[in-house]
1. Whenever you get a sec, compute what percent of the accessible area on region 1-50 sits on carbon and sulfur atoms (1.4 Å probe).
2. To the nearest 20 debye, what is the magnitude of the charge dipole of the chain about its Cα centre, counting +1 on the Cβ of each Lys and Arg and -1 on the Cβ of each Asp and Glu?
3. Considering the dipole of the chain built from charges on the beta carbon (Lys and Arg +1, Asp and Glu -1) around the Cα centre, which of Ser38, Gln9, Ala26 is farthest to its positive end?
4. So what does log10 I(q)/I(0) come out to for region 13-55 at q = 0.30, 0.34 Å⁻¹, using the Debye formula with one equal point on every Cα and no solvent?
5. Which of the trypsin sites (Lys or Arg not before Pro) across region 1-61 are loop residues per DSSP, with 11 or fewer other Cβ within 10 Å?
6. Against the longest principal axis of the chain, how steep is helix 37-58, in degrees 0 to 90 to the nearest 10, with axes from Cα atoms?
7. In deg cm²/dmol and to the nearest 500, what is the mean residue ellipticity at 222 nm of the chain if only DSSP H runs of at least 4 residues count, each as -39500 (n - 2.57), divided by the residue total?
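The values are calculated or read from the model by the stated rules, or taken from the named source; none is laboratory data. On a predicted model such as this, the values are computed, not experimentally measured, just so you know. Here Cβ is always computed from backbone atoms with ideal geometry, including for glycine, and neighbour counts include all displayed protein chains. For the accessible areas, the whole protein counts, side chains as well, though only heavy atoms, and no ligand, DNA or RNA atoms are used. Shrake-Rupley method; radii C 1.70, N 1.55, O 1.52, S 1.80 Å.
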Amino acid sequence: MQSTKRTVQVNVKMSVEDFELLKRAATALWPDAILSNSGIILGLAKISAKDVIQKKNRKGRKLAQ
């Protein structure tokens, strides 16, 4: 089966302080990368999503598909 990517628009509202925290985290993780605001948010969200799924799987819980 071939994987296809689809574009999905997402709107995010956050405080200036929260965004500054995300930018600091992105700089720590990817110091030499040139990142857009959306790239920072999506990159960190993907890492966090994987962490959540792995933690739930380790506890023996079934995840909704």
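1. Taking all protein chains in place, region 1-50 shows 56 percent carbon and sulfur surface.
2. Using Cβ point charges on Lys, Arg, Asp and Glu, the chain gives about 620 debye.
3. Gln9
4. -1.09, -1.19
5. Within region 1-61, the qualifying trypsin sites (Lys or Arg not before Pro) (loop, at most 11 other Cβ atoms within 10 Å) are Lys5, Arg6, Lys13, Lys59, Arg61.
6. Roughly 30 degrees, rounded to the nearest 10.
7. -19000 deg cm²/dmol
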